[in-house]
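Reading through the structure tokens given below for one structure.
The values are calculated or read from the model by the stated rules, or taken from the named source; none is laboratory data. Because the structure is a prediction, the values reported are computed rather than measured. FYI the Cβ positions are ideal-geometry reconstructions off the backbone, even for glycines, and counts take in every protein chain you see.
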């Protein structure tokens, strides 16, 4: 499982909903709603950002393998797929030719993701991404901000 490996001892500090979701054998599923904002419509479209709006139905399906996870995010009718894996002590997220490397941090209330570098094919990009997931016993809230592109935030409840 990817996140217990990345976070090591800090993984056990996570709120129950996040800890259980990221340690389910084979992966997990969750549903909720999201609000999406664009800062630059052109950049948002080029990077495959979801369409802007409020109270958009969201679904997350994660399929866990030995060394990677496939994340399938649905925002209304738009589906975005990425593959997450470990790159040393960083999380690597791949979506088509885009590669973003994150430092992942955890404490008793949340997980934080801070981009360290990004590449489109092999070309370095000045892309900055910050994300956080704040958990409780049974759900979590999240916020993702891509500098100069936009942001999305919402809440999710794990599904059986």
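Within segment 60-70, being at pLDDT 95 or above and surrounded by fewer than 17 Cβ atoms within 10 Å (Cβ to Cβ) holds for 63, 68, 70. Of the helices (runs of 4 or more DSSP H) contained entirely in segment 1-58, those carrying at least 1 residues that are within 16 Å of the chain's Cα centre (by Cα) fall at 2-7, 16-21.
Being in a strand (DSSP E or B), at pLDDT 95 or above and exposed (fewer than 15 other Cβ atoms within 10 Å of the Cβ) is the requirement here; does residue 81 meet it?
Taking the combined requirement at face value, the residue satisfies it.
Looking only at residues in segment 89-109 that are part of a strand (DSSP E or B) and touching a helix residue (DSSP H, G or I) at 6+ places or on another chain (Cβ under 7 Å), which one is farthest from residue 46 (Cα to Cα)? It comes out as 106.
Listed here are the residues, each with its yes/no results for (1) surrounded by 14 or more Cβ atoms within 10 Å (Cβ to Cβ); (2) modelled with pLDDT of 95 or more; (3) over 22 Å from residue 150 (Cα atoms).
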{"residue": "3", "(1), (2), (3)": "yes, yes, yes"}
{"residue": "7", "(1), (2), (3)": "yes, yes, yes"}
{"residue": "17", "(1), (2), (3)": "yes, yes, yes"}
{"residue": "27", "(1), (2), (3)": "yes, yes, yes"}
{"residue": "30", "(1), (2), (3)": "yes, yes, yes"}
{"residue": "77", "(1), (2), (3)": "no, no, no"}
{"residue": "90", "(1), (2), (3)": "yes, yes, yes"}
{"residue": "93", "(1), (2), (3)": "yes, yes, no"}
{"residue": "98", "(1), (2), (3)": "yes, no, no"}
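Consider segment 110-131 and keep the residues that are surrounded by fewer than 15 Cβ atoms within 10 Å (Cβ to Cβ) and not in a strand (DSSP E or B). The one that is farthest from the chain's Cα centre (by Cα) is 122. Taking the criterion of being touching a residue at least 40 places away in the same chain (Cβ under 8 Å) and either touching a strand residue (DSSP E or B) at 6+ places or on another chain (Cβ under 7 Å) or more than 27 Å from residue 52 (Cβ to Cβ) (or both), the residues of segment 91-126 that qualify are 91, 95, 98, 104, 105, 106, 107, 108, 109, 110, 111.
Restricting attention to segment 45-60, the residues being in contact (Cβ under 8 Å) with a residue 12 or more places away in the chain and farther than 19 Å from residue 113 by Cβ number 8.
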